[in-house]
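These notes are about the structure you will find just below.
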There are 4 protein chains.
Amino acid sequence: MSTEKFTFCQFGAGRIGAIHAGNIAASERAELRYVVDVNEDAARALTDKCGGRPASMEEALADPAIDAVLIASPTDTHANLIEAAALAGKAIFCEKPIDLDIARVDHAADIIAQTGVVALIAFNRRFDPTLGGLGEAVRRGDVGEVETVIITSRDPAPPPIDYITVSGGLFLDMMIHDFDMAHWILGEVPHEVFARGAVLVDPEIGKAGDVDTAVVTLTTKSGKMCHISNSRRSVYGYDQRIEAFGSKGMIQAGNRNANSLTSWTSDTISHDKPLHFFLERYEAAYRNEMSHFLDCLEGKATPMVGMEEGRVALVLGLAAKQSMASGLPVKIT
Amino acid sequence: MSTEKFTFCQFGAGRIGAIHAGNIAASERAELRYVVDVNEDAARALTDKCGGRPASMEEALADPAIDAVLIASPTDTHANLIEAAALAGKAIFCEKPIDLDIARVDHAADIIAQTGVVALIAFNRRFDPTLGGLGEAVRRGDVGEVETVIITSRDPAPPPIDYITVSGGLFLDMMIHDFDMAHWILGEVPHEVFARGAVLVDPEIGKAGDVDTAVVTLTTKSGKMCHISNSRRSVYGYDQRIEAFGSKGMIQAGNRNANSLTSWTSDTISHDKPLHFFLERYEAAYRNEMSHFLDCLEGKATPMVGMEEGRVALVLGLAAKQSMASGLPVKIT
Amino acid sequence: MSTEKFTFCQFGAGRIGAIHAGNIAASERAELRYVVDVNEDAARALTDKCGGRPASMEEALADPAIDAVLIASPTDTHANLIEAAALAGKAIFCEKPIDLDIARVDHAADIIAQTGVVALIAFNRRFDPTLGGLGEAVRRGDVGEVETVIITSRDPAPPPIDYITVSGGLFLDMMIHDFDMAHWILGEVPHEVFARGAVLVDPEIGKAGDVDTAVVTLTTKSGKMCHISNSRRSVYGYDQRIEAFGSKGMIQAGNRNANSLTSWTSDTISHDKPLHFFLERYEAAYRNEMSHFLDCLEGKATPMVGMEEGRVALVLGLAAKQSMASGLPVKIT
Amino acid sequence: MSTEKFTFCQFGAGRIGAIHAGNIAASERAELRYVVDVNEDAARALTDKCGGRPASMEEALADPAIDAVLIASPTDTHANLIEAAALAGKAIFCEKPIDLDIARVDHAADIIAQTGVVALIAFNRRFDPTLGGLGEAVRRGDVGEVETVIITSRDPAPPPIDYITVSGGLFLDMMIHDFDMAHWILGEVPHEVFARGAVLVDPEIGKAGDVDTAVVTLTTKSGKMCHISNSRRSVYGYDQRIEAFGSKGMIQAGNRNANSLTSWTSDTISHDKPLHFFLERYEAAYRNEMSHFLDCLEGKATPMVGMEEGRVALVLGLAAKQSMASGLPVKIT
């Protein structure tokens, strides 16, 4: 079978892991052989559903039949797993972020470079028909020279406070997606970051040292500008929009909902709210992401988001935190 | 002044008359000299606001300074006024319908033809930026050969029962607009009419011998088809939509509202309702209609809706009533 | 395994069969054991992908492990397969239409009734989040008492002429979906059908005895009205819309496209076209339909579309053909 | 007549002056008596059309019949005219900005305060059904506590270079509207301004010392944030949008176009572009603004935008210029 299908070992059997394992199982080009998780019950439940069996990291990486690893474990394990997998010669599909420390990212990137394995950093929005479609349209020149980008990203509700304390905070766990999209759409690494934020949603978030509402301005050397705004709470649901404006026009990526119904009553004309959260909203993106990775494994494509892009998003996130703290714009060197 | 501006006598000082008189007053090319109405107080109120003074029909038509008459009086006076005005050599702007009797329409049309005066039958929708824009787009071939037309027309609330008893009923006072639009958009006189209707809104309408909800199918010799649906009551307001489908695509005319606001709440995404009724919805159409008539007076245009078009709409309305009564399709000869 | 998952035999390995087999394979509650098709290569290709193996009808129906049959074979085999499956005690998931002959449908329905097996007639639109959502909204009273329904259904391109000659024609292979939706939304069996049609797209369709463009008016005893329009060709793609108007408002079901992008250029503001055709447009509907059938097998639901609904849609289609031929409205008794 | 209608003297007979004079002439509550303009031909042309006659400032302000002045002359004459009119006891309708110099604004404001005359600073967007409707909705709490505001404002094409050299530049002639809207919607005077800009449209603008593309971040003491982006060129026309996000939801103000047509072709689904520029887009706003001013004259309302609001917008514009120059955020004291 491994001569026909790419064989995966997956690290992490949580919520996002379940999505990826499901996409491996559903693909005609892939199969799941191992799931590694400290919670063995979770690993077992996932393999019961998607194939394969629980295993240890050592066993999995030692198995020559394994073609690729999918890293969906906690962030602080990513860099280690990337390095171990690369040294074992496995292709790598890794959830964002690579790590919260630039030096750690650079070390992992060096090993990827030395081993030459395929490595995809899974920024899901690039693979979404709407948001990814916008990025592709801008890259191929549909709006001419891009001049201003406006990104809005709001979650339906804040994550648990526990999560915030380990995630690096809003700029690193949430806005990092927007930084990656900005980088891609602008076509340049921004050279300045200015951030402002506040605690407007939940005081507990402030006590944990983070903000829950934030805005950022990115500028590039060539004068392009990008505005990003984030909120940890949106009563109308997940709000994921981008617009790119340029010399030949504008392209907008709007929200998606589950149907195309419009109701006309004596009060208003109304539609249903957007799809609830990322699992629903990016269902197609996750599928496309896996398909792209399999294309890379087959040599038909090269990863559209690699270690370098993962590093840029992290650099921007760290600069935003610094700007937020200092109150001043921060230059990217 | 009459050498510079076209001078009008208006018949009728009611609600629709107030609109037209206002447009005459606001135009740099027109002025109002007389208003004729059996209710002299109403005539006086209108001339106080829009210029001119109340007068009798005889006085007004005898005044050689009068260039044009605007007929916005009750339907049963239209044909007489058209004939008198034509014989007096005045240009004619007449509210629809010309009359409810085909023989009477034909007689008036003969006199128009003999006198050669300019005559515009005021089907306002042809002059609306949206609905008229659709008609023009179809006539210039934007959808290729038109094949199917779907017209929806719903009033916010039924008229007084009194009105229904003199208006000729739904097919002649309301759907007649849709028949005119269908005739224009199809580019052919339909050769068959099939109508169905019911009393679903107010039993009093049924007692008055009319229906309050109706659907009609028109077909043309070349095989084009048109569906029209009407209701006397729409809780979300005035609903005026048309779509024309053809070999090269479709064009849709949607409703209008007074703003472009969208509200996103924990329940829904919503917009305001459409503009309430014809006075608001067709404000621009009434202005454009007057402007077109003045263009005709200046010889820059010929009436885009004349006696013939008014006659066709009436023929279709009468056929619909007959079909409704017989339960069978009615041929137009 | 059959104690845990419902085991299927599928008849038909064509395009629509591939969809259903894929949904069986993807479900945690179902598995495919046999595929029966006169084209054994097609059956083999499908079982290679979705599980199970090719078999004969006799073998499949004789296997006590089979819980359900899925009938996606040509229309003229449906009634026989329904009867054979029912007599073998298998639950039935059958593609529409049941048959083109009412007597044949009634005979199959009798056997279903006698055997008491679960039977679902697969009108996919009822299970679509948008169109099915509209039906549910109307049934629960969101628009008050429904008064007028307008259904638009246009295919991107005509089917092969061969298909038209066996399918029963536009009213039975295409508009039959709209008849079922109308029946559901109106909440009554229409008592009169008036149809008009023409050959406007391809003269070959006319030579084959069919029309390619058609409109139908349905009326119910209580005075509700429904307009349906169909075309075999729509240059902008698959056009599937419904609106239901009633005493408390209106609900509209619009088209779907693959993204939410809007492009603003010096010429226009534009969106992508709708999803191409039924395989893309109704992907979710097919999944939901299978899920509903499995709910029925588990006793959690009863089929929302059964033999009776399949019969009504056929009756309306045959009446439309008769009306088209006679030029007169046809009463449903 | 002056006992019945408010009598106006207008300063300035240019493009925007023509709009206001037309609205005075069209109102039943107002009449135009004088137009003052150094270009007497322009003054004459306007009075020929809208009533009254050309006059000098001295004559006009000395006429006790004059109730109100409308100031639509060049910016550098505003403060002088405001002061002269206030001292003459006339009510004041003044185009924005009051002046480019804060001290000059303060002096004029003092005189207004001393004389107690009615003074309206004509920020037209506050009176627009869409943008003004958004402001009112936010002020009455429709989105709960407002948290983030995003304002997009793009002109179809740059003004003449001459204009830029006297207008104060993009932040003072264009973004000043957005500053006023931000101030109103946020419900607080921002306490920090951060601006970035670039010359991306026309190098001549850069040579004139201005930018043609700019973004600004405003923050308030309570932590609210606002992003504004401007461009001097938008190929798809005038782009005027705002969204306000808060604890209970979001409200968006979108663009307007002249019709509600949608075209479906083999390529795309498309709409017409937005209304071309401010004269078309804000036609209703200008009418409403005059109506509001007349309400103020009648004592039914107090000016919704006065000297203080005009001053805040100027302060924000000057701070943005300073931030742009220094590269640092600027505090508002």
Within the range B:258-270, the count of residues that are in contact (Cβ under 8 Å) with a residue 12 or more places away in the chain and open to solvent by less than 30 Å² (accessible area, probe 1.4 Å) comes to 1
Restricted to the range C:192-206, and to residues that are within 20 Å of C:P159 (Cβ to Cβ), touching a residue at least 24 places away in the same chain (Cβ under 8 Å) and more than 10 Å from chain B (Cβ to nearest Cβ), which residue is least open to solvent (accessible area, probe 1.4 Å)?
-> C:I205
For residues that are hydrophobic (A, V, I, L, M, F, W, C) and open to solvent by 20 Å² or more (accessible area, probe 1.4 Å), tally how many sit in the range D:130-145.
-> 0
Keeping to the range A:314-333, report how many residues are within 11 Å of chain D (Cβ to nearest Cβ) and open to solvent by 60 Å² or more (accessible area, probe 1.4 Å).
-> 3
Do we have any residue at all in the range D:176-186 that's in contact with a Lys or Arg (Cβ under 6 Å, 6 or more places away or on another chain), over 23 Å from D:I102 (Cα atoms) and within 14 Å of chain A (Cβ to nearest Cβ)?
-> no
Which of the following residues is within 15 Å of D:I66 (Cβ to Cβ) and within 19 Å of the chain's Cα centre (by Cα): D:L100, D:L81, D:L120, D:L87?
-> D:L81
Options A:T75, A:T148; residue that is among the polar types (S, T, N, Q) and within 14 Å of chain C (Cβ to nearest Cβ) = A:T148
(1) closer than 25 Å to A:L261 by Cα; (2) surrounded by 23 or more Cβ atoms within 10 Å (Cβ to Cβ); (3) in contact with a Gly (Cβ under 9 Å, 6 or more places away or on another chain); (4) more than 9 Å from chain B (Cβ to nearest Cβ): which one isn't true of C:K224, the others all being true?
-> (4)
Give the range A:251-309 a look and list any residue that's more than 25 Å from C:P274 (Cβ to Cβ), of a type in the set (S, T, Y) and within 14 Å of chain C (Cβ to nearest Cβ), or say none.
-> A:T265, A:S266, A:T268
List the pairs whose first member sits in the range D:49-74 and is on the phi > 0 side of the Ramachandran plot, whose second member is open to solvent by less than 60 Å² (accessible area, probe 1.4 Å), and whose Cβ atoms are under 7 Å apart, counting only residues at least 6 apart or on separate chains?
-> D:G51/D:A25; D:G51/D:E31; D:G51/D:L32; D:G52/D:L32; D:G52/D:Y34; D:G52/D:V35
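Filter the range A:3-44 down to the residues that are β-branched (V, I, T) and under 13 Å from A:V69 (Cβ atoms) and list them by number.
Going residue by residue through the range A:3-44, those that are β-branched (V, I, T) are A:3, A:7, A:16, A:19, A:24, A:35-36, A:38.
Result: A:T7, A:I24, A:V35, A:V36.
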Restrict the check to the range D:236-249 and report whether at least one residue is within 7 Å of another protein chain (Cβ to nearest Cβ) and either open to solvent by 10 Å² or more (accessible area, probe 1.4 Å) or hydroxyl-bearing (S, T, Y) (or both).
-> yes
Can you find a residue in the range A:27-35 that is more than 27 Å from A:A108 (Cα to Cα) and in contact (Cβ under 8 Å) with a residue 24 or more places away in the chain?
-> yes
Please work out if D:G51 is out of contact with any His (no Cβ under 6 Å at 6 or more places or on another chain) and within 20 Å of D:I121 (Cβ to Cβ).
-> no
Scanning the range A:113-140 for residues that are within 12 Å of chain C (Cβ to nearest Cβ), farther than 22 Å from A:I16 by Cβ and in contact (Cβ under 8 Å) with a residue 12 or more places away in the chain gives A:G133, A:L134, A:A137, A:V138
Give the residues of the range C:180-202 that are in contact with a Gly (Cβ under 6 Å, 6 or more places away or on another chain) and either under 30 Å from C:G246 (Cβ atoms) or not in a loop (DSSP other than H, G, I, E, B) (or both), sorted by residue number.
-> C:W184, C:I185, C:A198
So is C:S167 among the polar types (S, T, N, Q) and either open to solvent by 20 Å² or more (accessible area, probe 1.4 Å) or more than 14 Å from chain B (Cβ to nearest Cβ) (or both) or not?
-> yes
Only listed residue being open to solvent by 40 Å² or more (accessible area, probe 1.4 Å), more than 30 Å from A:D239 (Cβ to Cβ) and either in contact with a strand residue (DSSP E or B) (Cβ under 6 Å, 6 or more places away or on another chain) or basic (K, R) (or both), chosen from D:K273, D:K300 | D:K300
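The values are calculated or read from the model by the stated rules, or taken from the named source; none is laboratory data. The structure displayed is predicted, hence computed values, not measured ones. Here Cβ is always computed from backbone atoms with ideal geometry, including for glycine, and neighbour counts include all displayed protein chains. Each accessible area value is taken on the protein alone, full model and side chains, heavy atoms only, with ligands, DNA and RNA left out. Shrake-Rupley method; radii C 1.70, N 1.55, O 1.52, S 1.80 Å.
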